[in-house]
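Chemist: Before anything else, here's the structure in question.
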Amino acid sequence: MELRTTNICMKNFKSRLPDVTFYSRESEAACGPRGSVVGFSGSVSEKMLSGLHYPGCPEARLRSLREKLPCREVQAGTLLAIMGEPEQYCYPSIFIYGHRATGKSHVILTLLKELELPHAAVSCVECVSAGLLFEQTLLALFGADSAALLPRLPSLSDFVRVYRQVCAQQPAKQTRYIVLERAELLRDMEANLLPGLLRLQELVDDNVAVILLSEIVWDKFRPNTGCFEPLLLHFPDYTKAELLQILSLDSNPSYTPELYSSYINILLGVFYSVCRDLRELRHLAALNFSKFCEPLEKGEAKEGNTHKLWRNIEPHLKRAMQTVYLREVSSVQWGQQQMDEKEATALRGLSALAHVELPYYSKFLLIAAYLASYNPARTDRRFFVKHHGKMKKTSFLKKHEKTSNHLLGPKPFPLDRLLAIFYSVVDSRVAPTASVFSQISSLVTLQLLTQVGHDDQLDTPKYKCAVSLDFILAISRTVSFDIVRYLYDFI
Amino acid sequence: MGPFITHTKYPKKKNSEDKTSATRACVQRILRERFCHQRLPDRPVGLESQYKHLLELLRRTAVHGESNSVLIVGPRGAGKTMLLRCALRELLELQEVKQNVLQVHLSGLLQTDDRIALKEITRQLHLENVVGDKVFGSFAENLVFLLEALKRGDKSSSRPVFFILEEFDLFAHHKNQTLLYNLLDVSQSAQAPVAVVGLTCRLDVLELLEKRVKSRFSHRQIHLLSCMSFCQYLDAFRSELALPDDFPDSKFSQEWNLNVSELCEEKSVQEILQKHFNSCKDFRSLHLLLLLALTRVSVSNPTLRAVDILEASRMSSADSKANILHGLSVLELCLIIAMKHLNDIYEGEPFNFQMVHNEFKKFIQRKSHSIHNFEKPVVIKAFEHLLQLELIRPVDGGVCKVQREYQLMRLMLDHTQVMEALQRYPQCPTDVKQWAISAFG
């Protein structure tokens, strides 16, 4: 009976085989990194059979699992093989790492849910203290009564004690799994938590396995005196073809899948070299699809006319990269902007401080602060004194590009220097009134200047200019001041 | 699990299939218990003298009422807990020991405080009722009370107690080392027969102890520094994979053991094991390797082959950082190459984002035709992604008084890692590769 079912399994698998490269030792150099995934050698049928195989599991369930985990069959198969049958022991701790949105949580949680294995899924972001982690684990594995047995502010010792107590009444017939997402946050909790969790199977003497999911490699987790080394499992990133396949699953039913595939191709063409995160790409795809279909709806182009569609959408996607991708603009604003059709209006992003309107003297104060931060003090005489006489050119020669102040960052300057530069830069005569000084304080509040040094230092407060070159160029353009002429790095 | 094996005179095909699947499940169960759950072997391998020493010590406490203290020191995975448990198992076979001796197991990972440790001792000695609501003046008083309560009926002598302290070095970090002081004090004075056994991975554990604690310690250490030769390692490999004699299907177990022996003779397997032996000799890493090889045994692949061992070895020794570098976008890879160039030119001095961006812009202007000139905020986002992956780290732990573009960082990869990652990067643009190889940006 079993041989027959595996034959059927093979046929089903073959019919659904996606157009994806399988890792094998021969083509390793072309597609896979060394040793990242268990490389299957041998015949193709063997690869497929070892893909998803679970004894005692009906074929229909395996098939639905494969559908839910596109492009992750190999990893799911490896995980299932390591987990083994429920009555057998699993390795005490498994560490799964990989980039964001490579399907780590998705695969493990889908497997555990579909195969109905007892598990507790806890995200370490939600666990501000270790007690929350223990409570959620006990709640998921044993129910609310056992979680109530924990004292206030439980330590790992209390957790192990309660676990042993409850486990004595309900011994494990199947392996229990504790899945911890964002496990890198465990390093910042108590020092004994991570080593304790890695050895939990030994400490509680029960058939339990702890699975840690993280984006950061294991080398950065290891405690100083060592610990129980977990089994490391890597979830590789999706290739471009796999991304195409997965993103095409979102296709809109009112259009053909080929149209959606061509749209995704264009999207990947713009964004693939910048971002490979599946979640971000899905978000961008969803936001921009209506704009893509605009010419079709207006009747300007047909589905086959990809060139026209491309020409329509490409500048739009480029603009999306500068705004929505950077979260400068919310998706709602982006959607509204598409409705407006006024393509000339530039979207106001969050960090575009250009819409901050400053009073006239404040602008000059800011310019003076920028000059004070990025020009060395010895050059002030040359720039700001009217008759500075001859200054040797050689003393200004830059020896090393690295010492360009624009690369090193702004330097702190005292208040006197700021005012000196300010009076020389402003074209009209300004009296040193309190209003000028209060404008300096308001610039600090706006975080355009930062105060350096102690708050108590009323005598000579020091400041640093915290704006970028583009911003200051925009400001100086509004007051018709050619700042580039006064910058040391640009002479 | 599958249906039970039924023996008929002419077994049908269905029954034999079920039988093989049941046998296979049995094999997996036995081997997994050995590799994952650290099932105790019959006798500790390669540690005969240490075993005898420990057993003798514990026996003297249990049978003759002598107080002792000993430290078992060895690197992680050397078999300290295994040795102790085997000794306890053998000792508990003696009837008088089983009836009299009490055991208290403490762990430095769990009992992080002396107060918690004392509560745990009370609990494990089943003396919660006896202690009740008493308030004690000091730790010492409490401990003495507990030990007094263990006196046997005729009040002439106390029951012997084994105090087993795992992660002994963590106990040395408690305040004043009260627990250690008191336990070792009891073991020196003639109050009650106790054996204090500490297990630790630190060779310098005695340096951690205070003078008064160290003077009460008997300075008896059992070192488990493995001096296994490669032949012994091969034998260990063979015996760990071998099925026990009491396996239900003896024909299958004989075939399996024969297959394992043949596997040991193969050149490729010996090379892999030599590589593992050179890096890590202990049993724990061997168990990990064997488990990974065992996971490849399935319906289609019923016996272990050399290629399984090879793949298991590859999986366990993969370079994590190289795997992460494989998944970076092209822009992020360019930033890493720019950082590598900065490290080469300025000999490892920390850099900030502006410098990296400057290098990147030089590359775009002079040498590149395939990389688009991305806007600065997009490049900042890529840089911050690298920061999140901890491939770069701020020098001073992220003091926020500095603007983020000017915060000094270091690259957590070295030259060879970057170059290797570049070799394996899928569809790497040629101008990027050329830029990486060129000496000066």
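Chemist: A:His119's amide H: which non-local residues (gap 5+, or another chain) put their own amide H closer than 5 Å, with H modeled 1.01 Å from N in plane and none for Pro or chain starts?
Modeler: The list, which skips near neighbours in sequence, is A:Tyr177.
Chemist: For B:313-319, what's the mean count of beta carbons from other chains sitting within 10 Å of each residue's beta carbon? List each step's numbers first, then the result.
Modeler: Working: counts 1, 7, 10, 4, 3, 8, 7.
Per residue, the average neighbour count from other chains is 6.
Chemist: Excluding same-chain residues fewer than 8 positions from A:Lys363, which aspartates and glutamates have a Cα within less than 15 Å of its Cα?
Modeler: Reachable aspartates and glutamates: A:Asp427, A:Asp470, A:Asp482.
Chemist: Taking beta carbons within 10 Å but only from partner chains, what does the mean come to for residues A:222-232?
Modeler: Per residue, the number of nearby Cβ atoms from other chains is 4 on average.
Chemist: For the protein assembly as shown, would you read off the P(r) tail past 53 Å as a percentage of all alpha carbon pairs?
Modeler: 33 percent
Chemist: Next up: Would you mind checking which residues have amide H under 5 Å from B:Ala195's amide H? H placed 1.01 Å from N; only 5 or more apart, or other chain.
Modeler: Amide H to amide H, under 5 Å and 5 or more residues apart or across chains, B:Ala195 pairs with B:Asn68, B:Val161, B:Phe162, B:Phe163.
Chemist: GluC sites (Glu not before Pro) within region B:87-175: which are DSSP loop residues with at most 12 other Cβ atoms inside 10 Å?
Modeler: Details: sites: B:Glu90, B:Glu93, B:Glu96, B:Glu120, B:Glu128, B:Glu141, B:Glu148, B:Glu166, B:Glu167; in loops: B:Glu93, B:Glu167.
Taking region B:87-175 and a limit of 12 other Cβ atoms within 10 Å, the loop GluC sites (Glu not before Pro) found are B:Glu93.
Chemist: What average count of beta carbons from other chains do you get within 10 Å of the Cβ of residues in B:279-290?
Modeler: What the average comes to for B:279-290 is 1.
Chemist: Could you list the trypsin sites (Lys or Arg not before Pro) in region A:113-207 that lie in coil according to DSSP, counting only those with at most 12 other Cβ atoms within 10 Å of their Cβ?
Modeler: Details: sites: A:Lys113, A:Arg152, A:Arg161, A:Arg164, A:Lys173, A:Arg176, A:Arg182, A:Arg187, A:Arg199; in loops: A:Arg152, A:Lys173, A:Arg182, A:Arg199.
Filter output for region A:113-207: A:Arg152, A:Lys173.
Chemist: Can you check how the C-alpha radius of gyration of region A:164-218 compares to 2.2 N^0.38 Å, as a plain ratio? Write down the numbers at each step before the final one.
Modeler: Working: Rg = 12.6 Å, N = 55, 2.2 N^0.38 = 10.1 Å.
Here the answer is 1.25, to two decimals.
Chemist: Using each residue's phi in region A:442-449, evaluate 6.51 cos²θ - 1.76 cosθ + 1.60 at θ = phi - 60° and report the 3J(HN,Hα) Karplus result to the nearest Hz, with x for Gly and Pro.
Modeler: Once θ is set to phi - 60°, the couplings for region A:442-449 become 6, 5, 5, 5, 6, 6, 8, 10 Hz.
Chemist: Using the structure shown, list the pairs from B:Lys80/B:Lys175; A:Lys318/B:Lys362; B:Lys340/B:Lys381; A:Lys291/B:Lys361; A:Lys386/A:Lys462 with a Cα-Cα distance above 24 Å, or answer none.
Modeler: Working: B:Lys80/B:Lys175 26 Å; A:Lys318/B:Lys362 22 Å; B:Lys340/B:Lys381 19 Å; A:Lys291/B:Lys361 32 Å; A:Lys386/A:Lys462 26 Å.
The pairs that break the limit, which is 24 Å between Cα atoms, are B:Lys80/B:Lys175; A:Lys291/B:Lys361; A:Lys386/A:Lys462.
Chemist: Still on this structure: Enumerate the whole-percent occupancy of each 10 Å bin, from 0 to the last occupied one, for all C-alpha pair distances of chain B.
Modeler: 4, 15, 17, 15, 19, 17, 9, 3, 0, 0
Chemist: Over region B:48-223, one equal point on each Cα, no solvent: what is log10 I(q)/I(0) by the Debye formula at q = 0.11, 0.19 Å⁻¹?
Modeler: -0.43, -1.38
Chemist: List the GluC sites (Glu not before Pro) in region B:204-281 that DSSP assigns to loop (not H, G, I, E or B) and whose Cβ has at most 11 other Cβ atoms within 10 Å. Which are they?
Modeler: Taking region B:204-281 and a limit of 11 other Cβ atoms within 10 Å, no loop GluC sites (Glu not before Pro) are found.
Just so you know, all these numbers are worked out from the coordinates, no wet-lab data involved. This structure is a prediction, so every number in the text was calculated from the model and none was measured. Because the Cβ atoms are built from the backbone with ideal geometry, glycine has one as well, and the counts that use them run over all protein chains shown.
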